[in-house]
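Worksheet: one structure, shown below.
The values are calculated or read from the model by the stated rules, or taken from the named source; none is laboratory data. The structure presented is a predicted model; accordingly, all values stated were derived computationally and were not measured. Using ideal geometry, Cβ is built from the backbone for each residue, glycine included, and neighbour counts are taken over all protein chains shown. Side chains are part of the model used for accessible areas, which takes the heavy atoms of the whole protein and leaves out ligands, DNA and RNA. Shrake-Rupley method; radii C 1.70, N 1.55, O 1.52, S 1.80 Å.
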Amino acid sequence: MASYDVIIIGSGPGGYVCAIRCAQLGLKTACVEGRETLGGTCLNVGCIPSKALLHASHQLHDCQHNFEKMGLKGAAPKVDWQQMLAYKDEVIAQNTKGIEFLFKKNKVDWLKGWATIPEPGLVKVGDETHKAKNIVIATGSEPATLPGVEIDEKMIVSSTGALSLPKIPKKLAVIGAGVIGLELGSVYARLGAQVTVLEYLDQITPGLDAEIARTFRSLLKKQGLEIITGAAVQSAEALKTKAKVNYTLRKDDSTHQIDADVVLVATGRKPFTQGLGLNALGVDLTKRGQIATDGQYRTSVPGLYAIGDAIEGPMLAHKAEDEGMAVAEILAGQKGHVNYGVIPGVIYTAPEVAAVGATEESLKEAGRAYKVGKFSFMGNGRAKAMFAADGFVKILADAETDRILGAHIIGPGAGDLIHEICVAMEFGAAAEDLARTCHAHPTCSEAVREAALACGDGAIHS
Ligand code: NAD
């Protein structure tokens, strides 16, 4: 029976980062993974493959819409879907093999198979049982479906099926205008599908700053996505050649039906913890079925920790990674910590949408006095040169102290631009600190500085 300081169950961004950090901190570490490849949902059927398709489809969009304007003439390329899928698979392979290499380099043992925890301190993988002083559950999440909607991964698909469709659908119905629905919906719209998104709420992307969400919606509409809000999907059925989706409009209870070649169900995800034996161990769960943990990621069972999508908090790869590092530090006797107030969220559409910290709505609700500094990418030369001037940066700062409370960006490279604001927030910076930091010209990041200037004496280029 092999014996470890720590066994991590699951090799997604939470699990593999935790394993590498544990090993770096001198702990004898193993990581259990039942998939053929490491990396979990994110690398195999989530973040990474979807970014490959987003990139390819955006390149196509540029060829079709912007090349001629720049004097680049000639027929736009045709889509070879099988080749695009092969490119996506190659990107996955490079990344998953990269983690395998990092495991070897850091001497993390990969225990291949699906784990159960027969009793505290033991992890069973296949026929073998391993001892562990500590166990970290990092088993992630799986798609949550709706009553009346059965995912077959052929005609009615989750994000997993949507990343490997045999052909580009003519008509795609998307249930849920959250992150997955809009990222993948916009991919297929750019590839020529007629996309209809049905959203229960009156706003898309719940939780996003409402002003950003409104701009986002109108930009998506310009890109050809039909978005129907206030639409409660009741059922979806796969027929011989088409699927049908039934929904009611909440405003008048009227019933409607649309048909589609493929239906993407993107109504959220739920913790994936089946098969671990948590019930028998007596692990406490939250009301929403997540593993309950304290501030140190300890579950109710001594020596058993949990991180990532399996516990509370935003279901984001980078949140899981940070928790993975924090728990490794805790197990190594250090002080692991995650600042949940500064976790960025990014929607990888074109343009990208990024957010960190408070929204205007949350500040109003908290009765907090704040000021708003906004700057449109129309005033940014670099964005204009890239045909990417749609969108704006918005910084929210405390009315009295000028401390940055939140930031919201819709525009080119928003997912990268947000990070200077995250760093500033980590250091408790005021908007003036950002405004007084020299930003290279011409870059899109100047729009961030201008928004910070707008919190004070005013932006220069607006
Ligand atoms: P989500 O929670 O972001 O959005 C689900 C949407 O479905 C909501 O807007 C909800 O109101 C709607 N909905 C629920 N029931 C409905 C019904 N009956 N009819 C119509 N609409 C309905 O969920 P998601 O997009 O599936 O993503 C799942 C998780 O994965 C999220 O936590 C997300 O943050 C994460 N994720 C993040 C990224 C990223 O960071 N870029 C990418 C993919 C997924």
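Using a 1.4 Å probe on the protein heavy atoms, what percent of the accessible area of segment 1-152 belongs to carbon and sulfur?
About 53 percent, which is the carbon plus sulfur part of the accessible surface.
Taken along the Cα-to-beta-carbon direction at a fixed 7 Å, the label points for GLN94 and LYS170 span 3.6 nm. Farthest toward the positive end of the dipole of the chain, out of ALA232, SER254, ALA385, is the Cα of ALA385, where the dipole comes from beta carbon charges about the Cα centre. When only alpha carbons are used to place a centre, segment 56-120 and segment 357-387 end up 32 Å from one another. In segment 395-462, what percent of the accessible surface is made up of carbon and sulfur (1.4 Å probe, ligands and nucleic acids excluded)? Of the solvent-accessible surface of segment 395-462, carbon and sulfur hold 53 percent.
Coupling constants for segment 82-87 follow from the phi torsions by the Karplus curve (6.51 cos²θ - 1.76 cosθ + 1.60, θ = phi - 60°), and in residue order they are 5, 5, 5, 5, 5, 4 Hz; glycine and proline get x. Taking the centroid of alpha carbons for each part, segment 441-462 and segment 390-407 are 12 Å apart.
To the nearest 10, the accessible area of MET70 is 100 Å² with a 1.4 Å probe.
When GLU450, GLU321 are compared by accessible area at a 1.4 angstrom probe, the order from most to least is GLU321, GLU450. Cross-link partners of LYS251 among aspartates and glutamates, defined as those whose alpha carbon lies under 15 angstrom from its own and excluding same-chain residues fewer than eight positions apart: GLU199, ASP202. Computed over protein heavy atoms with a 1.4 angstrom probe, the accessible surface ordering of HIS441, HIS55, largest first, is HIS441, HIS55. From the cross-link list LYS28/LYS131; LYS78/LYS167; LYS88/LYS384; LYS221/LYS364; LYS107/LYS319; LYS107/LYS131, which pairs have alpha carbons spaced over 19 Å apart? In this structure, LYS88/LYS384; LYS221/LYS364; LYS107/LYS319 lie more than 19 Å apart at Cα. Annotation: amide H of VAL174 within the under-5 Å range of THR196, VAL197, LEU198, LEU264, sequence separation 5 or more or interchain, hydrogens built in the peptide plane.
Average accessible surface for the chain: 47 Å² per residue, computed with a 1.4 Å probe over protein heavy atoms with every protein chain in place. Note on segment 278-372: Rg/Rh from C-alpha atoms, Kirkwood Rh, equals 1.06. So how far, in whole Å, is the C-alpha centre of segment 188-224 from the one of segment 31-47? One Cα centre to the other: 29 Å.
Assigning unit charges at the beta carbon (Lys, Arg +1; Asp, Glu -1) and nothing else, what dipole magnitude in debye, to the nearest 20, does segment 156-267 show about its Cα centre?
Dipole of segment 156-267, to the nearest 20 debye: 440 debye.
Rounded to the nearest 500 deg cm²/dmol, what is the calculated helix-only ellipticity per residue at 222 nm for the chain, with -39500 (n - 2.57) per DSSP H run of length n ≥ 4?
It comes out at -9500 deg cm²/dmol, rounded to the nearest 500.
Computed from backbone phi with θ = phi - 60° and the Karplus coefficients 6.51, -1.76 and 1.60, the 3J(HN,Hα) list for segment 57-74 is 6, 6, 4, 4, 4, 4, 4, 6, 10, 10, 4, 4, 4, 8, x, 9, 9, x Hz; x is used for glycine and proline. Per-peptide packing, taken as the mean over residues of other Cβ atoms within 10 Å, places 169-175, 18-24 in the sequence 18-24, 169-175 from highest down. Using modelled amide H (1.01 Å from N, peptide plane; none on Pro or chain starts), what sits under 5 Å from the amide H of ALA306, excluding residues fewer than 5 places away? Distant-sequence amide H within range of ALA306: ILE137, THR299. Qualifying GluC sites (Glu not before Pro) in segment 390-431, where qualification requires a DSSP coil assignment and no more than 15 other C-beta atoms within 10 Å, comprise GLU400.
Given +1 at the Cβ of Lys and Arg, -1 at the Cβ of Asp and Glu and no other charges, the dipole of the chain around its Cα centre is 800 debye to the nearest 20. Of VAL136, GLN94, GLY185, which is farthest towards the positive pole of segment 93-188's charge dipole, taken about the Cα centre with +1 and -1 on the beta-carbons of Lys, Arg and Asp, Glu respectively? Among VAL136, GLN94, GLY185, the one farthest towards the positive end of the dipole of segment 93-188 is GLN94. Computed over Cα pairs, the Kirkwood radius of the chain leads via Stokes-Einstein (1.002 mPa s, 20 °C) to a diffusion coefficient of 90 µm² per second. Across segment 96-110, computed HN-Hα scalar couplings (Karplus, 6.51 cos²θ - 1.76 cosθ + 1.60, θ = phi - 60°) run 5, 5, x, 6, 4, 4, 5, 4, 4, 4, 9, 6, 9, 7, 8 Hz from first to last residue, x flagging Gly and Pro.
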